[in-house]
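A quick write-up on the structure given underneath.
The values are calculated or read from the model by the stated rules, or taken from the named source; none is laboratory data. Quantities reported herein were computed from a predicted structural model and do not represent experimental measurements. Using ideal geometry, Cβ is built from the backbone for each residue, glycine included, and neighbour counts are taken over all protein chains shown.
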């Protein structure tokens, strides 16, 4: 069943979406332990934009992969190492 305001493939048809990040982070915690040390959920998807919060256990890594478009990273707790196209933060 699609999310209200979205098509069957998950693409949002609505132009506005609201999320309670505190609630969502609590929900992520309820899924622990995460089998791969990572838990994610697509909140918003358009052809040129996706909002995908990711929770990671200390020491977990996301394998190198390709993502079309611009990437934006906001760290809400602790710290991460982030590397893109050879540049790291």
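Filtered by the rule that a residue be surrounded by 10 or more Cβ atoms within 10 Å (Cβ to Cβ) and over 26 Å from residue 13 (Cβ atoms), segment 40-75 gives 55, 56, 57, 60, 61, 62. Kindly establish whether residue 65 is at negative phi and either in contact with a strand residue (DSSP E or B) (Cβ under 7 Å, 6 or more places away or on another chain) or part of a loop (DSSP other than H, G, I, E, B) (or both). Yes, satisfied.
None of 78, 83 is farther than 29 Å from residue 13 by Cα and at pLDDT 85 or above except 78. Within the set 19, 28, the sole residue that is exposed (fewer than 13 other Cβ atoms within 10 Å of the Cβ) and touching a residue at least 24 places away in the same chain (Cβ under 8 Å) turns out to be 19.
Residues being in a loop (DSSP other than H, G, I, E, B), under 21 Å from residue 77 (Cβ atoms) and at pLDDT 85 or above are represented in segment 8-21 by at least one member.
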